[in-house]
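Structure first, commentary second.
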Amino acid sequence: AVINSERNQLHHGNPHLHPVPHSRNSLDGMANLGTLAAAPPTISSKSSILTGRSSVAQMFTPHTLFPWFEVPIGQEYSELSPQEVTDTHGVQESVIVSFLEQEVKNEQAVMSLPWAMLSVFLFAFMSLNHETLSDKHTVVASLRFDLQDNANFAFTEYNGAKNYEDVNSYSDFWSWLTLGYMPLMNLHDVPVSEGSTLDLGANSWNQSQVYLNRYRRVGPIKLSQELAEDVECKNKDVANTFGMSCTKRVNVNMDIEPTVMDQTQSVYDEATDRTVWLNGWLLPSRMKVLELESQGWLNPKTNRVRVSNLMYHPDSETIIMTDVSFLFSRTGRIWKIITPMPVNINPYDGWTVYLADILLYLQVTVLLITEVKEVALSIRHSGLSKGMKEYMNIWNLIDWIFVLGAYCLLVLWIIRVVRAMEVKDMLLDLPDNASVCMDDCPSYYATLFAKVSDLGAFDHACRSVVAVFPMFIMCRLFKAFAAQPRLALVTVSLGKAMPDLLHFLIVFGAIFGTYTVMSVALFGRKVASFATLDRAIPSLFLMFQGEFEWTELEKVGRIYSFTVFVSFMWLVSMVMLSMLISIIMDCYVEVKERSVRLDSIWTEVYTLARRSWQSYRKQRQRIPKILGYLDKTSEELLKVEDLTSRVPGLGGQQAHRLLCDCLHDFIANNSTTPSGAEVGLHVEKVSLGLQGIPEYFKKISAQQAQQWKDRLPPLPAVPRPIKVPSRAAGKGAPVPELLAHKLELDRILDIAEARVSDGKLALNFPDAQETLLDMIFQARALGRSALFNVQV
């Protein structure tokens, strides 16, 4: 602000006038210049009723940064150290209470962080002990590789030219089954090297059931199929003309190549009357297969065929159900999928499994008890309805989801263990004369296969739930991070950016959806990954990340593909992604600037350790005890001696450190420099407010004007002119000047002070609107304290 030279004369060269960062509250007060209020004429000051110009030494105003005490006019922006404020003025009690409450929250955050990290460790410890995933991966890879490469047919001497991927007709299926799959599963003779004349004889029953030297087959081979439903063709006249029929797609979409997940998660409606069991001996099994082929076991109504077997792997203690599935699509294509499904039948194979479960659920139970206590305390303090509203927030909701999810996992795990024990008991009860039982007791193996299949499906569902559960643990980590400002950068930045992100997602969704429909229409016929909307969405997202096959896309034509591809990559990958990053980074930079002034996690850990050690040695009082002697609503100013007398046992050193830390925290949270956008917004508000001022004095009655005039001192005969430069002048523009009379200015300011009521002021300067702010600052120079901190 531009103030005339009299300011320095009135302040006698005060050395304490230094520019300091303004609080945002000062900008907010300036923004209320447009508030107009009619008020009765009253004149007041800190010393006496105004009868003329007041002395500067008698005029005081609240300090800009520490508003709970007043300083002489001109010193309201002076820099005061926490030490000086503590010793000279004191700290407002409500400010101390707010600081201590935040310190309690920070301590709880520091203490909850290791507890949340422990949840991650215990959950990982439990999951890795329940099953050894590397062993299961090796088992699945070994079985799939052998069935893909070694179950061959179309032999020329020793080499089979085709494998299961070459099954494209009914005859190919029977050839693969009899020449490739069954000899692999039933080693009738002891194998010898190629070209050898050795005859080592036939294998025994147990030897014939050993697979890959490490597995033991359990029971016969199971052939089953699912039948499609006949439906009326859409154009039945043409279909009847050519003697054709139509079928309905059942359970799984086979028009486009299905995935392993599609196969395992779909319902398999087995036609039990067409299920066949092939015993362990090779020759009888081949005779049975020839009989099935002659009877037309495969026909146009066949939807899916499964060739299943059970194996036991002693090293990993797993029972493996291996399905080789053939899916007969309505277009004539036969899709092939191999799905080994290993299941652990001895979950508790060591003491570490018990320890992992006990530790995790001990922590979950402690958290449950803590949350129940908090609910009970909140209800007892505020009643049922209000207490639940006060308690229920997003972080407490996450805690409850974590607890309930953990106990749901426990229930699922118990069910899985019970089912595994049932399968294990059935394996132990396997008949001794298993070779005879192959033909005589199919119901026994049907039950065993069904139980293993159900256990595998249930185990897969449990793994899906286990895979989602860490998300809740991560949310609990964010809860611990949120209470520490330096750790909450991510969550706070995302929360601050959320309104802009939601608007951005609307635009992004519209653009992405448009390209999704466009890609299906353009690429759908020739590129399988764009054949349907549900396939095109992840394919476009991968393209957005730079993962694409140009050779596949250019099948529809290089010009069309290039146009769509370049426009998508430019608009979405370059423009939209850059906007998304800028939205998040703007908020991140702003949050980071504010958090830099706050304590780091290492400082808080050190502070917590120091406080704990001093409390242990009886050298300090705990913060909750200090809070018990303070009132959050009190505005009393407390110094070190006041605080020590208020709190029994509180030492002077701790009290002084507490007040200084409180002021450091108060300065860090309140002396923020506003951004350019905020300053511009407030300037705009000030300009709008000034537009309404000139009309107000037109409404003042003659009686009110006469009352104010009577209370003013008489004007001297010879006024002294002064010049007040305008703050509104821009760079390079002529500086407008207001020719005013010094005593006339005094009279105007007297009128202004007379009209101050409840912190609100209405003024009218008909000929000098653009210099209104200069006149307010001129009032400061003349010591008019009543014009401070008012809404003009």
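The values are calculated or read from the model by the stated rules, or taken from the named source; none is laboratory data. Everything quoted here is computed from the prediction, not taken from an experiment. All Cβ positions, even for glycine, are placed from backbone atoms using ideal geometry, and neighbour counts span all protein chains on display. Surface areas here come from the heavy atoms of the whole protein model, side chains and all, with no ligands, DNA or RNA. Shrake-Rupley method; radii C 1.70, N 1.55, O 1.52, S 1.80 Å.
Quick one: which residue in GLY495, GLY513, GLY524 is modelled with pLDDT of 90 or more and either surrounded by fewer than 16 Cβ atoms within 10 Å (Cβ to Cβ) or more than 24 Å from the chain's Cα centre (by Cα) (or both)?
The conditions single out GLY513.
So MET111 passes all but one of these: (1) open to solvent by 40 Å² or more (accessible area, probe 1.4 Å); (2) touching a residue at least 40 places away in the same chain (Cβ under 8 Å); (3) among the hydrophobic types (A, V, I, L, M, F, W, C); (4) more than 30 Å from MET474 (Cβ to Cβ). Which condition number does it fail?
Only one criterion is unmet by MET111, namely (4).
Residue-wise test of (1) more than 30 Å from ARG249 (Cβ to Cβ); (2) open to solvent by less than 20 Å² (accessible area, probe 1.4 Å).
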residue: ALA271; (1), (2): no, yes
residue: TRP277; (1), (2): no, no
residue: ARG306; (1), (2): no, no
residue: ASN309; (1), (2): no, yes
residue: MET321; (1), (2): no, yes
residue: ILE337; (1), (2): no, yes
residue: GLY383; (1), (2): yes, no
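Please enumerate the residues belonging to the range 279-299 that are hydrophobic (A, V, I, L, M, F, W, C) and open to solvent by less than 50 Å² (accessible area, probe 1.4 Å). Steps first, please.
Within the range 279-299, the subset hydrophobic (A, V, I, L, M, F, W, C) is 281-283, 287, 289-290, 292, 297-298.
Passing the criteria: LEU282, VAL289, LEU292, TRP297, LEU298.
Give GLU131, GLU76, GLU103, GLU157 a once-over and let me know the one that is under 30 Å from VAL324 (Cβ atoms), open to solvent by less than 40 Å² (accessible area, probe 1.4 Å) and at pLDDT below 85.
Going through GLU131, GLU76, GLU103, GLU157 in turn, the sole match is GLU131.
When you go through SER443, SER378 one by one, which is the residue that is in contact with a Phe, Trp or Tyr (Cβ under 6 Å, 6 or more places away or on another chain) and either in a helix (DSSP H, G or I) or closer than 17 Å to ILE473 by Cβ (or both)? Quick ask: steps written out before the conclusion?
Details: SER443 fails: in contact with a Phe, Trp or Tyr (Cβ under 6 Å, 6 or more places away or on another chain).
Exactly one of SER443, SER378 is in contact with a Phe, Trp or Tyr (Cβ under 6 Å, 6 or more places away or on another chain) and either in a helix (DSSP H, G or I) or closer than 17 Å to ILE473 by Cβ (or both), namely SER378.
Within the range 114-126, track down each residue that is in contact with a Pro (Cβ under 9 Å, 6 or more places away or on another chain), surrounded by fewer than 20 Cβ atoms within 10 Å (Cβ to Cβ) and not β-branched (Val, Ile, Thr). Full working, then the answer.
If we filter the range 114-126 for residues that are in contact with a Pro (Cβ under 9 Å, 6 or more places away or on another chain), which is where we start, we get 120, 123-124.
Those still in the list that are surrounded by fewer than 20 Cβ atoms within 10 Å (Cβ to Cβ) too: 120, 124.
Result: ALA124, single match.
Does ARG463 count as over 29 Å from GLN102 (Cα atoms) and in a helix (DSSP H, G or I)?
yes
What are the pairs, 6+ residues apart or on separate chains, where a residue within the range 607-628 that is within 18 Å of LEU643 (Cα to Cα) has its Cβ under 6 Å from a residue that is among the β-branched types (Val, Ile, Thr) and modelled with pLDDT under 85?
Going by the 6 Å Cβ cut-off, the qualifying pairs are ILE623/VAL104.
List the number of the failed condition for LEU327; all other conditions in (1) assigned to a helix (DSSP H, G or I); (2) touching a Lys or Arg at 6+ places or on another chain (Cβ under 7 Å) hold.
With respect to (1) assigned to a helix (DSSP H, G or I); (2) touching a Lys or Arg at 6+ places or on another chain (Cβ under 7 Å), LEU327 is out only on (1).
Can we say THR633 is part of a helix (DSSP H, G or I), closer than 16 Å to LEU100 by Cα and either open to solvent by 70 Å² or more (accessible area, probe 1.4 Å) or at pLDDT below 85 (or both)?
no
Tell me which residues, restricted to the range 415-440, are modelled with pLDDT under 90 and small (Gly, Ala, Ser).
ALA434, SER435
Name the one entry in VAL238, VAL267 that is β-branched (Val, Ile, Thr), over 25 Å from HIS460 (Cα atoms) and free of Cβ contacts under 8 Å to residues at least 40 places away in the same chain.
VAL238
Residue-wise test of (1) aliphatic (A, V, I, L, M); (2) open to solvent by 40 Å² or more (accessible area, probe 1.4 Å); (3) over 50 Å from the mean Cα position of the chain (by Cα).
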{"site": "ALA239", "(1), (2), (3)": "yes, no, yes"}
{"site": "GLY243", "(1), (2), (3)": "no, yes, yes"}
{"site": "LYS248", "(1), (2), (3)": "no, yes, no"}
{"site": "THR264", "(1), (2), (3)": "no, yes, no"}
{"site": "VAL267", "(1), (2), (3)": "yes, yes, no"}
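I'd like the residue in the range 323-335 that is hydroxyl-bearing (Ser, Thr, Tyr) and open to solvent by less than 30 Å² (accessible area, probe 1.4 Å) and, out of all such residues, is nearest to THR132 (Cα to Cα).
Restricting to residues being hydroxyl-bearing (Ser, Thr, Tyr) and open to solvent by less than 30 Å² (accessible area, probe 1.4 Å), the top hit is SER325.
Does ARG597 fit the bill of being surrounded by 12 or more Cβ atoms within 10 Å (Cβ to Cβ), charged (D, E, K, R), modelled with pLDDT under 85 and closer than 30 Å to ASP665 by Cβ?
yes
List the number of the failed condition for ILE473; all other conditions in (1) under 30 Å from MET311 (Cα atoms); (2) open to solvent by less than 20 Å² (accessible area, probe 1.4 Å); (3) among the aliphatic types (A, V, I, L, M) hold.
(1)
What is the residue count in the range 482-492 for residues that are assigned to a helix (DSSP H, G or I) and either open to solvent by less than 50 Å² (accessible area, probe 1.4 Å) or of a type in the set (Gly, Ala, Ser) (or both)? Explain how you work it out, then say what you get.
Looking only at the range 482-492, we keep the residues that are assigned to a helix (DSSP H, G or I), and these are 482, 489-492.
This time we only want the ones that are either open to solvent by less than 50 Å² (accessible area, probe 1.4 Å) or of a type in the set (Gly, Ala, Ser) (or both), so: 482, 489, 491.
Final tally of qualifying residues: 3.
Is it the case that some residue within the range 339-353 is open to solvent by 40 Å² or more (accessible area, probe 1.4 Å) and on the phi > 0 side of the Ramachandran plot?
no
Pairs needed: first member in the range 443-455, open to solvent by 40 Å² or more (accessible area, probe 1.4 Å); second member anywhere, assigned to a helix (DSSP H, G or I); C-beta distance under 7 Å; at least 6 residues apart or different chains.
Filtered contacts from the range 443-455: TYR444/CYS437; LYS451/GLU422; LYS451/VAL423; LYS451/MET426.
Just to be sure, is VAL364 crowded, with 16+ Cβ neighbours inside 10 Å and within 30 Å of GLN263 (Cβ to Cβ)?
When the stated conditions are applied, VAL364 does not pass them.
Take the residues of the range 544-574 that are open to solvent by less than 80 Å² (accessible area, probe 1.4 Å) and under 24 Å from the mean Cα position of the chain (by Cα): which is modelled with the highest pLDDT?
The qualifying residue modelled with the highest pLDDT is VAL572.
Check whether at least one residue in the range 655-670 is open to solvent by 40 Å² or more (accessible area, probe 1.4 Å), among the polar types (S, T, N, Q) and at pLDDT below 85, and report yes or no.
Yes, the range 655-670 contains at least one residue that is open to solvent by 40 Å² or more (accessible area, probe 1.4 Å), among the polar types (S, T, N, Q) and at pLDDT below 85.
Check off (1) over 23 Å from LEU310 (Cα atoms); (2) open to solvent by 60 Å² or more (accessible area, probe 1.4 Å) for LEU179 and give me the number that stays unchecked.
Just one mismatch for LEU179, condition (1).
Is there any pair with a first residue in the range 119-132 that is more than 19 Å from LEU477 (Cα to Cα) and among the polar types (S, T, N, Q) and a second that is open to solvent by less than 30 Å² (accessible area, probe 1.4 Å) and at pLDDT below 85 whose Cβ atoms are under 8 Å apart and which are 6 or more apart or on different chains, and what are they?
The qualifying pairs are ASN129/GLY350.
Pairs please, first residue from the range 181-202 and within 18 Å of TYR164 (Cα to Cα), second anywhere and among the aromatic types (Phe, Trp, Tyr) and assigned to a loop (DSSP other than H, G, I, E, B), Cβ atoms under 7 Å, 6+ apart in sequence or on different chains.
ASN186/TRP281
Answer yes or no as to whether GLN614 is more than 16 Å from CYS660 (Cα to Cα) and open to solvent by less than 90 Å² (accessible area, probe 1.4 Å).
yes
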